[in-house]
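Asker: This is the structure I have questions about; it appears just below.
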Amino acid sequence: MTTPLLLGLIGLALAQPVPAMLARMDWPYRAPRAAVVLWQALALAAILAVVGAGLSASLWLVVHEGAPNPEPGVARMVLHVAFLGLTVVVVARTVWSFLSVAAEVRTTRRRHRAMVDLVGTRDDAGRSVRILDAHEPFAYCVPGLDARVVVSRGTLDSLDPAELDAVLAHERAHLRARHDVVVDTFSALHRAFPRVLRTEAALESTRVLVELLADDHARRRAGTTPLARALVKLGTRPAPAGALGASSTLVRRMDRLENEVSAAAPAGRVEALTCYVVAAVVVLVPTFSLAVPWIASAWSTLT
């Protein structure tokens, strides 16, 4: 019973305390691309550990001291079916979460694109954006196959050309890299976990990280100073549901812009390597050191 217990404890740890602890650390944000991989690995490892715990526990109930139990008894068979059922529920809940999130964001973004096309105007400067007649400065993008970059009239009035170029580069980086897919994936994983095990850390950290990735592109395109000035002018107004905005997570982004010397500097290489190593460890070690050997041994015993 050691393997199911260990896998269960690993799954619980990766579902809540480990993400909460990682979200309070600063070093992953110095390597945002690698940090996204690390967060994905933690979520995948948590699900694999829980599924592995359920499968190995159900097999343990019909294996007795290394040999098949010809008469496992009613109680053991009931528990065997219960653990198998729990495993199926975990997998089904995960699949359903991905399908429901995909349907919801697709509908939300389709409606929002229709709205901005209806009330907005096309930019006549060749920038392929929609302009909303609002005095408050804001900018965001609506991802998808038919994507939109949206800015307000207040944004155009308050930003100089270099600052506007930085903001547009930021939003187009979101669209080009499909950062929405990353955020939607973590939204689905967040919904897949039961409420008592759910933590906001992975989802919120991922939202920050994709903004940092888009900032890196905008900084290379327009420079650090114009980007920083634009962020201050845009403030902290959140993007609409289903959109990615240039004005969220302002404090973390400004701190990073202040601390980074240049986009080409080697800062973050150690942090990136650490993220990739930890990501590989949390996925591969529990799977190949605990789950695979135990299930293979139990299966061979049964057959």
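The values are calculated or read from the model by the stated rules, or taken from the named source; none is laboratory data. In this text the structure is predicted, and so the values were computed from the model without any measurement. Backbone-built Cβ (ideal geometry, glycine too); neighbour counts: all protein chains shown.
Asker: Residues of the range 127-175 being closer than 19 Å to Thr249 by Cβ, within 28 Å of the chain's Cα centre (by Cα) and surrounded by fewer than 20 Cβ atoms within 10 Å (Cβ to Cβ), which ones?
Answerer: Leu175
Asker: Among the numbered criteria (1) more than 23 Å from Ala272 (Cα to Cα); (2) free of Cβ contacts under 8 Å to residues at least 24 places away in the same chain, which one does Leu203 miss?
Answerer: (1)
Asker: Next question, about the same structure. Looking only at the range 19-34, count how many residues are under 14 Å from Arg252 (Cβ atoms) and in a helix (DSSP H, G or I).
Answerer: 6
Asker: Right, something else. Given the criteria touching a residue at least 24 places away in the same chain (Cβ under 8 Å) and either assigned to a strand (DSSP E or B) or of a type outside the set (S, T, N, Q) (or both), does Gly8 qualify?
Answerer: In short, yes.
Asker: Still on this structure, I have one more. Restricting to the range 130-171, give me the number of residues that are touching a helix residue (DSSP H, G or I) at 6+ places or on another chain (Cβ under 8 Å) and without any contact (Cβ under 8 Å) to a residue 40 or more places away in the chain.
Answerer: Qualifying residue count, the range 130-171: 13.
Asker: Looking only at the range 93-123, count how many residues are of a type in the set (Val, Ile, Thr) and either in contact with a Cys (Cβ under 8 Å, 6 or more places away or on another chain) or within 30 Å of Asp157 (Cβ to Cβ) (or both).
Answerer: Summing the residues that are of a type in the set (Val, Ile, Thr) and either in contact with a Cys (Cβ under 8 Å, 6 or more places away or on another chain) or within 30 Å of Asp157 (Cβ to Cβ) (or both) in the range 93-123 gives 4.
Asker: May I ask you to list the residues in the range 105-125 that are surrounded by 15 or more Cβ atoms within 10 Å (Cβ to Cβ) and either in contact (Cβ under 8 Å) with a residue 40 or more places away in the chain or not in a helix (DSSP H, G or I) (or both)?
Answerer: Once the filter is applied, which keeps residues that are surrounded by 15 or more Cβ atoms within 10 Å (Cβ to Cβ) and either in contact (Cβ under 8 Å) with a residue 40 or more places away in the chain or not in a helix (DSSP H, G or I) (or both), the range 105-125 yields Val105, Thr108, Arg109, His112, Gly120, Asp123.
Asker: Quick one: count up the residues across the range 92-104 that are among the aliphatic types (A, V, I, L, M) and either within 16 Å of Pro194 (Cα to Cα) or not in a helix (DSSP H, G or I) (or both).
Answerer: Qualifying residue count, the range 92-104: 3.
Asker: Shifting gears a bit: Checking the conditions here, which among Leu209, Leu227 is under 15 Å from the mean Cα position of the chain (by Cα), at pLDDT 90 or above and either part of a helix (DSSP H, G or I) or in the same structural domain as Val151 (by TED's automatic domain parsing) (or both)?
Answerer: Only one candidate qualifies: Leu209.
Asker: Please go through the range 230-246 and pick out each residue that is touching a residue at least 40 places away in the same chain (Cβ under 8 Å), in a loop (DSSP other than H, G, I, E, B) and either at negative phi or not assigned by TED's automatic domain parsing to the domain that holds Val105 (or both).
Answerer: Arg237, Ala239, Pro240, Ala241, Ala243, Ala246, listed by residue number.
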